[in-house]
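These notes are about the structure you will find just below.
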Amino acid sequence: MNATTRIERRKSTSYQIFKKTLLAMPNYSYILLSLFIVVCFAIFFTSSLDYKGKVALIVFVIAMILWIATKLPAGYVALGAILSIILLKGADASLLYDSFSLEIVWLMIGGFHHRGGGDKGFWFSK
């Protein structure tokens with residue numbers, strides 16, 4: 001019988017999964033992750049911005065990285081950015097309702113689904 005407890009086995013397994021995932025990242029991902037952490041700390045420790053400004057700036061940086069580095073559609077990234085600003089109390093909920101009334105958001109989402117992006121398993125799997 002093994003002398004280790006279930007919690008100790010789970011910790012070692014979680015650590016191994018984390019280590020395997022971290023080692024599987026390409027080298028440029030380490031550079032981007034480090035740059036992102038430095039930018040977030042720089043934004044966090046600036047005294048010239050209030051809380052809402054810091055939240056907006058950090059969410060903008062995250063959205064910019066998602067637009068550039070992933071295949072996520074721009075409409076979904078934009079709506080996710082607005083939702084995260086609202087959930088972090090960076091703006092009122094009226095920002096979300098106003099963004100749903102913009103035609104360009106629905107044009108981007110509709111264009112993505114029209115060209116077949118919705119069939120490739122982004123939201124729905126066959």
>> Within region 62-80, take every residue that is of a type in the set (Val, Ile, Thr) and surrounded by 11 or more Cβ atoms within 10 Å (Cβ to Cβ) and give me the one that is farthest from Leu49 (Cα to Cα).
In response: Val77
>> Go through (1) among the aliphatic types (A, V, I, L, M); (2) open to solvent by less than 30 Å² (accessible area, probe 1.4 Å); (3) without any contact (Cβ under 8 Å) to a residue 24 or more places away in the chain for Leu83 and report which single condition fails.
In response: (2)
> Out of curiosity, is Leu32 at pLDDT below 80, open to solvent by less than 80 Å² (accessible area, probe 1.4 Å) and either acidic (Asp, Glu) or within 19 Å of the chain's Cα centre (by Cα) (or both)?
Replying inline: no
>> Given the criterion open to solvent by less than 30 Å² (accessible area, probe 1.4 Å) and over 21 Å from Val38 (Cβ atoms), identify the matching residue among Val59, Val105.
In response: Val105
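The values are calculated or read from the model by the stated rules, or taken from the named source; none is laboratory data. As the structure is a prediction and not an experimental result, all values here were calculated from the model. Note that we place each Cβ from the backbone using ideal geometry, even for glycine, and neighbour counts take in every protein chain shown. We work out accessible area using only protein heavy atoms, side chains counted, and drop any ligands, DNA or RNA first. Shrake-Rupley method; radii C 1.70, N 1.55, O 1.52, S 1.80 Å.
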